[in-house]
Amino acid sequence: MKIAFIGFGGVGQALVKLLRDRRQSLHDKYDMDTTVVAVSDVMKGSVYDPNGLDEDLLLETIAEHNHLDHYPDNGTAIKGWDSLKTIKDSNADMIIEVTFTNVQTGQPAIDHCKAAFENNKSVVTTNKGPVAIAYQELSKLAKEHGVYWGFEGTVMSGTPALRLPFTTLAGNEISEIKGILNGTTNFMLTEMEKGLSYQDALTLAQSKGYAEADPTSDVEGYDARYKAVILSNVVMDSPVRAEDVTCEGITSLTLEDLNNAIENNQRWRLVARMTREGESVKASVKPELLHKDDPLATISGATNAIVYECDLAGPIMLTGAGAGLIETGYSLLIDLIHYQKERVLMKQ
Ligand code: HSE
């Protein structure tokens, strides 16, 4: 599997470490052998070597210089290709799209996915934009070109919020999905319950790396709204758009609101809720006042949780990390392993 990274922040680097450190077990268990051939990042520059880049040198170059111009010249490495050229002209068959999510347009990640599929290349991404804005179009394109599109990490990072209902709970009708899908705001609410101010709680969430590049996405509920759109489209098979989702963040909640709730055995939580209504799905993201014993009220810190109301299996709750470099890097690895399993099956 020849891999090109489009974007190379902490998540992409975490995946390179995983691929390096688990090389032997990935080979032994899944017959999976990977070579990173290219990295193209709008800030950190780019390097492409059709024979494969040295993973340690790549990570060291970024750690020391934060720019790929410093990757050692070896006679075959090419510098300066932009993302679209890397996608189209490199010999990679797998594109890892890990650029920042743009909540307004989903770009340039949508164009990256399109270019990959049109050039018969598979994509694995943690970028919510393409899945939330262009799911129908991109999944059709991937299918037409016979390539793979993985995006497990777009909802709850390495916690399998998409694959669990899709595979393990297959056969159930899911009438409702509700969850705490944004780690930053849940962390902030639980810190504020302990007495921290809104601003201090946000600064702490940013320092821990939970927040989006622009934290407005977290606190106004846009990040959770994207995840609600993804769950509605992918799991509930309903083409909900971001503008269809009622969205209210946590900015109007005060310390007093949170304390009053606690005094009444309640908790405020930012809940994303997707409810099937006939043929369609109604979705909202808003602060909800939950009884303290409600399973979602017991979720604290940056942890996420999701409840699937299944007609056969009953309510199933999944809880785990919703963010984090290793966890999100791992979500890319799960997709790569599934891609590899499909490739092996197709060869048989
Ligand atoms: N900012 C997001 C969160 C990161 O806090 O949940 C994961 O999507």
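The values are calculated or read from the model by the stated rules, or taken from the named source; none is laboratory data. Small disclaimer: the values here were computed from a predicted structure and weren't measured. When we count neighbours, we look across all protein chains shown, and the Cβ atoms used for this are built from the backbone with ideal geometry, even at glycine. Note: accessible area is taken over every heavy atom of the protein model, side chains too, but ligands, DNA and RNA are not part of it. Shrake-Rupley method; radii C 1.70, N 1.55, O 1.52, S 1.80 Å.
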Tell me, please, whether a residue that is in the same structural domain as residue 268 (by TED's automatic domain parsing), open to solvent by 60 Å² or more (accessible area, probe 1.4 Å) and outside any helix (DSSP H, G or I) can be found in the stretch 199-208.
yes
Which of the residues spanning the stretch 212-258 are in contact (Cβ under 8 Å) with a residue 60 or more places away in the chain and farther than 29 Å from residue 127 by Cα?
255, 258
Any residue at all in the stretch 288-300 that is open to solvent by 80 Å² or more (accessible area, probe 1.4 Å) and not assigned by TED's automatic domain parsing to the domain that holds residue 198?
no
By residue number, the members of the stretch 160-194 that are surrounded by fewer than 24 Cβ atoms within 10 Å (Cβ to Cβ), of a type in the set (Val, Ile, Thr) and within 16 Å of the ligand (Cβ to nearest atom) are 190
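Examine the stretch 148-157 for a residue that is aromatic (Phe, Trp, Tyr), under 26 Å from residue 241 (Cβ atoms), free of Cβ contacts under 8 Å to residues at least 40 places away in the same chain and outside the structural domain of residue 232 (by TED's automatic domain parsing), and state whether such a residue exists. Before the answer, list the steps.
Taking the stretch 148-157 first, the residues aromatic (Phe, Trp, Tyr) are 148-149, 151.
Remaining after also requiring under 26 Å from residue 241 (Cβ atoms): 148-149, 151.
From what's left, free of Cβ contacts under 8 Å to residues at least 40 places away in the same chain: 149.
Retained after the next criterion (residues that are outside the structural domain of residue 232 (by TED's automatic domain parsing)): 149.
Yes, the conditions are met somewhere in the stretch 148-157.
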Checked the stretch 252-273 for anything open to solvent by less than 70 Å² (accessible area, probe 1.4 Å) and not in a helix (DSSP H, G or I); matches are 253, 254, 266, 267, 268, 269, 270, 271, 272, 273
Can you list the strands (runs of 3 or more DSSP E) lying wholly within the stretch 274-348 that have 1 or more residues being acidic (Asp, Glu)?
280-291, 303-310
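Residues in the stretch 138-183 that are within 14 Å of the chain's Cα centre (by Cα) and either polar (S, T, N, Q) or in a loop (DSSP other than H, G, I, E, B) (or both): how many? It would help to see each step written out before you state the result.
Start the filter on the stretch 138-183 by keeping residues that are within 14 Å of the chain's Cα centre (by Cα), which leaves 149-163, 181-183.
Filter again for either polar (S, T, N, Q) or in a loop (DSSP other than H, G, I, E, B) (or both), leaving 151, 154-162, 181-182.
Qualifying residue count for the region: 12.
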